[in-house]
1. Which whole-number percent of Cα pairs in region 221-280 have a distance greater than 13 Å?
2. Which residue, Ser350, Ser226, Ser165, tops the fluctuation ranking in a GNM of the chain built on C-alpha contacts under 10 Å?
3. At 222 nm, what value in deg cm²/dmol follows for the chain if DSSP H runs of at least 4 each add -39500 (n - 2.57) and the sum is divided by all its residues, to the nearest 500?
4. Computed on alpha carbon atoms, what radius of gyration and Dmax characterise the chain, expressed in Å?
5. For the chain, with a Gaussian network of springs between Cα atoms less than 10 Å apart, report the residue from Thr80, Thr166, Thr179 with the top mean-square fluctuation.
6. With a point put 7 Å past each Cα toward its Cβ, work out how far Ala276 is from Arg371 in nm, to one decimal.
7. Using only the alpha carbons of region 262-341, determine the length spanned along each of the three principal axes and report them from longest to shortest in whole angstroms.
8. How large is the convex hull of the Cα atoms of region 47-148 per residue, expressed in Å³ as a whole number?
Amino acid sequence: MTTTLDTTFTEPAPSALLLLGQGRDMASERGVECAGELPAPSDPDLVERARAARQALGDRAFVLGHHYQRDEVIDFADVTGDSFKLAREAAARPEAEYIVFCGVHFMAESADILTSDEQQVILPDMAAGCSMADMAEINQVEEAWDVLTDAGVADRTVPVTYMNSTAAIKAFTGRHGGTVCTSSNAEVALRWAFEKSGGVDGTGKVLFMPDQHLGRNTAVEKLGMSLDDCVVFDPRKPDGGLTREQLDAARMILWRGHCSVHGRFSVRNVEQVREAVPGVTVMVHPECTNEVVGAADLVGSTEFIIKALDAAEPGSSWAIGTELNLVRRLANAHPDKSIHYLDSTVCFCSTMNRIDLPHLVWALESLVAGRVVNQIVVDADDAHWARVALDQMLALPGL
Ligand code: SF4
C-alpha cells in the first residue's frame, strides 16, 4: 500500500517571530539570537562533521531530539520523545556533562531544572522558542493573579501550567501550590487541582496556562464540564476581559494562549479528509480547538499518536492532526498503512525547525573544542519553585 501524505507548500502567514533566527527580542521566551559562526547549510561534509563531533564527545554528551525535529537532526539523537520524556531522560544520564537539547527553549529549561548542577544544557539555536510559551509572560500572570485576588477567588484557585511554558511560569505555579501537566496527564493533574481547590463538583477553580485548548478539551471531554464552566482570561484586556461575576461563576479560567501549529487545524479539514478517504480514522492532538477535537475520532498526545499507529491494522487509513515532521516520519515508518496529514497546507513548527544540521554541528564542534555555547541556565530561585511544581506533577498517579 502506498503511503499518502499531502505536503503541498504555501507561503507561511506573517509572524512576529524572528524568522531567520537573527536579532534580539528579550521580551520573548527565546530571548536572544544565535551568535555563532555557523557552517554553511550547503557544506557537503555536514553529516560527516556531526558524526565525527558526536563520536569525539562519546558519553560526555547526550543528544535529545523532540518528536517535531527535522530528520537531519533526529538522525543524531540518542533518544527521541516529547518534552517531558526528554527532560526525564536527561535527568537519568548524570554521567553526561553536556545535554544537547534539540527542541525549543522551555524544554531546555526543564532539562536544566531536572539535571544536576554539574550538567550543562545546550540549545543549538537560541532562537528556537515556542510561540505558545511566549503567550504567557510572568508579569502578565502575576497581574492576572492580582485580578483573581481582587475578585475574591484566588484562594479557591489552583494554578496548573502545561509543560509548554517558561521556567518563570512553572515557578509561579510552584509558589502558588499548583502543578505542571503534560498533554498525557492533564486529566489527572486537573482532578488533583480541583480536589485541592474544592472538588470537581464544588466551588474550586483552576487557572490553566498557557494553552486554552488543552485546558478546555480536558475539562469538557474528560471531566464532564460544560463550555460555560470555562472562561478565557485575555492578558491584553483590563481585568482579563472578565467581570467579577464571570470569575466567580467559572470553574476553568483559561489563559488566552494557543499553539500556532495545532490551532491551524479546522473542522473543514476533518470534513474534507472524511470525504476524500472513506473509512479514515481522524486522530488529533489536544492542543487543537474543541471543535476539531469534537469532530475527530481520537485525541491524544504525541506519544499516544505514535502508539496508536504502531498498533493499527495494516491497510487502515489515518488522518493525523499534529506537527508535520512527526507525521511524515510516522508515514515513512508505516508503509503498510495509509497516513494522511490533516491540513492540506504544510504545518511545520517554525521554531522547532530552527534547529538544523548547521546549528547542531556548530554546537557539537564547539563542545569538542572545549567551548560551551548557548547554555541554558534557569535562575536559582525560579529553578527551585519550578522544581516544586514539577515534583508535584511527578507525584501524581500514572507517571
Ligand atoms: S508545536 Fe506549538 S507548542 Fe510545540 S513548540 Fe511549536 S509552537 Fe510551541
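1. Cα-Cα pairs of region 221-280 separated by over 13 Å account for 72 percent.
2. Ser226
3. Working: 16 runs with 148 residues, N = 399.
Counting only the DSSP helices, I get -10500 deg cm²/dmol.
4. Just the Cα atoms of the chain yield Rg and Dmax of 21.0, 63 Å.
5. Thr80
6. Label-label distance for Ala276 and Arg371, simple model: 4.7 nm.
7. 30, 26, 18
8. Details: hull volume 11.5 nm³, N = 102.
That works out to 113 Å³ per residue.
We did not get these values from a lab; they are worked out from the coordinates using the rules stated. Since the structure is predicted, the reported quantities are computational estimates derived from the model, not experimental observations. Every residue, glycine as well, gets a Cβ built from its backbone with ideal geometry; the counts of neighbours run over all protein chains shown.
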